[in-house]
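What follows is a set of notes on a single structure, which appears directly below.
Please treat every number below as a calculation from the coordinates, not as lab data. These numbers come from a predicted model, not from an experiment. Heads up, the Cβs are rebuilt from the backbone with ideal geometry, glycines too, and the neighbour counts pull from every protein chain shown.
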Amino acid sequence: MINLILCGGNGTRLWPVSRSLMPKQFAPLFDGQSLFRKTVVTNSAVCSAQFIVSNADQFFLAKDQLEAENMHSAKFLLEPVGRNTAPAIALACLTLDPEEIVLVSPSDHVIRKKDAYKAVLLRAEELAKEGNLVTFGITPTSPETGYGYIEAEGENVKRFVEKPDLATAEKYLLAGNFYWNSGIFCFKAKTFLSELAKYSPDILEASKKALAATAVEDGEPIRIDLEDMKAIPSNSIDYAVMEKSDKVKVVPSDIGWSDLGSFDSLYGEYPHDENGNNVNPRHIAVGSKNSLVLGSQRAIATIDLDQMLIVDTPDALLVAPLKSSQKVKQVVEELKKRGSDLMTVPQTVNRPWGTYSVLEDTERYKMKRIVVKPGKRLSLQKHLHRSEHWVVVSGTATVTVGDKVFYVRPNESTYIPMGEVHRLQNEGKLPLVIVEIQVGEYTGEDDIIRMEDDFHRN
């Protein structure tokens, strides 16, 4: 069985921890562990391989985190633009052996009861081998209005239900045969594609055309062209197939599941102290209780707070009643209106060659800490609106400026004039750390013109 992990989504409801370039599934929310890594490890108990569907920015995050788990052979399919879950699954299944059993799982869910989860996976695999489309129905623990429901009779699905109001959700809970729709699925690749051809043939045909126009090389990610991806109709697997097919089975699943859709749900995943606050050594609580306080750089002191949310990051601070955490989406919308990159860029940004952290960003200059992995190099590039000063902190930099190539060692520096073609490279065996000072009328990340790039970026 292969684990098809869907990594799309920006997790804006967990801003400012989650941003477009570091969405919640990759953020180190649990003692340095991400939800993506937890998903991979949990599913590897049953699945023999991983197939990751993500966008280009997330590819390198996923690759790095897989390597941290000593997993180096995962397949990748990169979408230039999201078209929802049905096309993502279709594109992946079209590249697999038709008989392959596929476990489709989101990358940002928590599953606490590992043994129970393994048991339902094995049951789902049995049903999938019989030619069924299998979904996992989560045993509800409350009248939740934020989830869709599945009405079932044993393992037979009677109907899918949209998100209900509170009164209806309470009836579902009392009925005992309604389950939360988890968004986890299991089936043979050919079963899904056959049902997709029957109920959403436009998605299947457009997906086939997109793949036919894609050069696929062994060991390289499958990169779908932007225009080909846009030509695929956008739809979810639920609407495109699951709610129409007569081959759907449900496995009732009491597995300690949460989709971590808000800080309110995240609060329940952390250990708490005797006052109900999440355990955080940087939090000084005086009379404060039942609160979620996230932040690891500064001391955070609270006095007489109850059921509050505080999220402290280097460039943004969020304070709200914990019960109002769903309104974070409105903050993100306001940031969009203002043209702010706070919803997109975290302080430390992962790149395929390493990371950069913005230390200071003011009018006409920006200061960064750049770390280049051993054996990696940045693109050959130039900037139209800024010059750069590089100071090496540790390691040895191989620097290209124009037609010159030279070394810069610790406590040495170099200057890159505006408009000059340049490149930074680490030929050593240890990380290269530099401080970069950008000076110019514009220091945005989109002022990069790439001539060559090892990572196929524009």
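Modelled this way, with points 7 Å down the Cα-to-C-beta line, the labels at Lys118 and Leu166 are 4.1 nm from one another.
Extending 7 Å from Cα along the Cβ direction at Ile284 and again at Tyr270 yields two label points whose distance is 1.8 nm. For the stretch 348-452, the alpha-carbon radius of gyration amounts to 0.97 times the rule-of-thumb value 2.2 N^0.38 Å expected for a compact globular protein. Candidate cross-link partners of Lys114 among the aspartates and glutamates, defined by an alpha-carbon separation under 13 Å and a same-chain spacing of 8 or more, comprise Asp254. The charge dipole of the stretch 161-306, taken about its Cα centre with unit charges on the Cβ of Lys, Arg, Asp and Glu (plus for the first two, minus for the last two), comes to roughly 320 debye.
Kindly work out what percent of the DSSP beta bridges joining two residues of the stretch 271-327 are antiparallel, to the nearest 5.
Working: 7 of 15 bridges.
Here the antiparallel bridges make up roughly 45 percent for the stretch 271-327.
Take the chain and mark each of the chymotrypsin sites (Phe, Trp or Tyr not before Pro) that is in a DSSP loop with at most 15 other Cβ atoms within 10 Å; the longest unmarked stretch, sites excluded, is 1-441. Label reach from Val439 (point 7 Å along Cα→C-beta): in the stretch 371-397, amide nitrogens under 20 Å belong to 382-393. Given a Förster distance of 45 angstrom, what is the FRET efficiency for Asp453 paired with Asn177, based on the Cβ-Cβ distance and rounded to 0.05? E between Asp453 and Asn177, to the nearest 0.05, is 0.25. Applying the Karplus relation 6.51 cos²θ - 1.76 cosθ + 1.60 with θ = phi - 60° to the stretch 158-172 yields 3J(HN,Hα) values of 8, 5, 9, 10, 5, 4, x, 7, 4, 4, 5, 4, 5, 5, 4 Hz, where x marks Gly and Pro.
Across the options Ser379, Val311, Ser325, the greatest Cα extent toward the positive end of the charge dipole of the stretch 307-441 (unit charges at beta carbon of Lys, Arg, Asp, Glu) belongs to Ser325.
Rounded, prolate or oblate for the stretch 271-327? Axes are the square roots of the Cα gyration tensor eigenvalues, ordered a ≥ b ≥ c, and the cut-off for rounded is a/c under 1.5. Oblate, since a/c reaches 1.5 and b/c is not below a/b. For a straight C-alpha distance cut-off of 22 angstrom, the lysines reachable from Lys247 (same-chain residues fewer than eight places away being disregarded) are Lys129, Lys158, Lys188, Lys190, Lys198. Counted residue by residue at 0.36 nm each, then reduced by the alpha carbon distance between them, the extension gain from Ser236 to Lys190 reaches 14.7 nm. Per-residue Karplus couplings for the stretch 315-320, computed as 6.51 cos²θ - 1.76 cosθ + 1.60 with θ equal to phi - 60°, are listed in order as 10, 7, 10, 10, 10, 6 Hz, Gly and Pro entered as x.
Classify the stretch 413-458 as rounded, prolate or oblate, taking a ≥ b ≥ c as the square roots of the eigenvalues of its Cα gyration tensor: rounded when a/c is under 1.5, otherwise prolate if a/b is larger than b/c and oblate if not. In terms of gyration-tensor shape, oblate. In terms of surrounding Cβ atoms within a 10 Å radius of their Cβ, Val331, Val405, Val134 rank from fewest to most as Val405, Val331, Val134. When the square roots of the Cα gyration tensor eigenvalues are ordered a ≥ b ≥ c, the ratio a/c for the chain is 1.5 or more and a/b does not exceed b/c, which makes its shape oblate.
The residue list Val349, Pro410, Gly444 was ranked by how far each Cα lies along the charge dipole of the stretch 348-452 toward its positive end, using unit charges on Cβ atoms, and Pro410 comes out on top. If the segment from His72 to Glu220 were pulled out straight at 0.36 nm per residue, it would be longer than the present Cα-Cα gap by 52.1 nm.
As a rough footprinting exposure proxy, the listed residues Thr39, Thr191 were ranked by other beta carbons within 10 Å of their own, and the order from fewest upward is Thr39, Thr191. Label-to-label distance, Gln33 versus Thr355, with points set 7 angstrom from Cα along the beta-carbon direction: 1.9 nm.
The calculated FRET efficiency for the pair Tyr407 and Glu363, based on their C-beta separation and a Förster distance of 41 Å, comes to about 0.75. Each of Met71, Met242 was scored by other Cβ atoms within 10 Å of its Cβ. Arranged with the fewest first, they read Met71, Met242. At a Cα cut-off below 17 Å, give the lysines reachable from Lys366, other chains included and same-chain residues fewer than 8 away excluded. Answer for Lys366, where 17 Å is the Cα cut-off: Lys382, listed by chain and number.
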